[in-house]
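Working notes for the structure below.
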Amino acid sequence: MGLLPYLPNPCMARLMWWTQAKFLIAVAVVAFRQNEVLLLRHSYRTLHPWGLVTGYVGYGETLEEAGIREFHEETGYRLAASTLGLVDLRFVGRRHLEAVYRVRCDLDLRQGLGPSLDGEIERGSWHAIDHLPESLPPNQRGLILLANRARKEDSVATWYFEPETPPAP
C-alpha cells in the first residue's frame, strides 16, 4: 500500500487541494433576433468594449442558472428557465472552462438598452451578424459564428424569451 491511505484527514484534504486542478467556469450568452446579435458595451473594457453577455458561475449555480442570472444583471431582462440552448462547452485556457449558450430574444431596443445598475454595462444594441463591430473581442466573434451555425441547424426553435419590465434606474 502507498502512503496516501495512512494520512490523517486534514493532511489528505490539504494534499488534495494542492494537487487537484482548480479552474474558473464562465458562461457566454449569444442572444439572436433574426440575423442580429445583442452586444453590450462594457464600461471596464478599453480595448474591446463591445461584447456578449458573459460572467462567471457562482458557487452552487448550474451553468444555465448562471447564464440566466448574467443576462438579467447585464440587460435588466429575465430569461425563462428553459430558454437557453447549449452551443459549446470548452476550455479556453488551462484552467478556464466556458459554456456558450444561444437564445432567441425579441427585445425592442429602439430606445437602446441603458446602463446596468452596477455600471458594468454602458448600453446594448442589436448588430447584424455580418457587420460586427471591430472592437468586439476576437474570441467572441468566433462564438457568435458558432452559435449562429447551431441556431440555423436547429430544426425546432425551443428557446424563447420571456420579457420582464426592466428595473427602474
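Where a number appears in this text, it was derived from the coordinates with a stated rule and is not lab data. Note that the structure is predicted; figures quoted are calculated from it, not measured. When we count neighbours, we look across all protein chains shown, and the Cβ atoms used for this are built from the backbone with ideal geometry, even at glycine.
Things to note:
- Peptide packing for 25-32, 94-101, 53-60, 129-136 was compared via the average number of neighbouring C-beta atoms within 10 Å per residue; ordered from the highest value, the list is 25-32, 94-101, 53-60, 129-136.
- Largest first, the three principal axis extents of the alpha carbons in region 26-82 are 32, 28, 17 Å in whole numbers.
- Two-decimal Rg/Rh across region 23-153, once Rg and the Kirkwood Rh are taken from alpha-carbon atoms: 0.92
- Spin-label pair D88/L145, simplified geometry with 7 Å Cα→Cβ offset, distance in nm: 1.0
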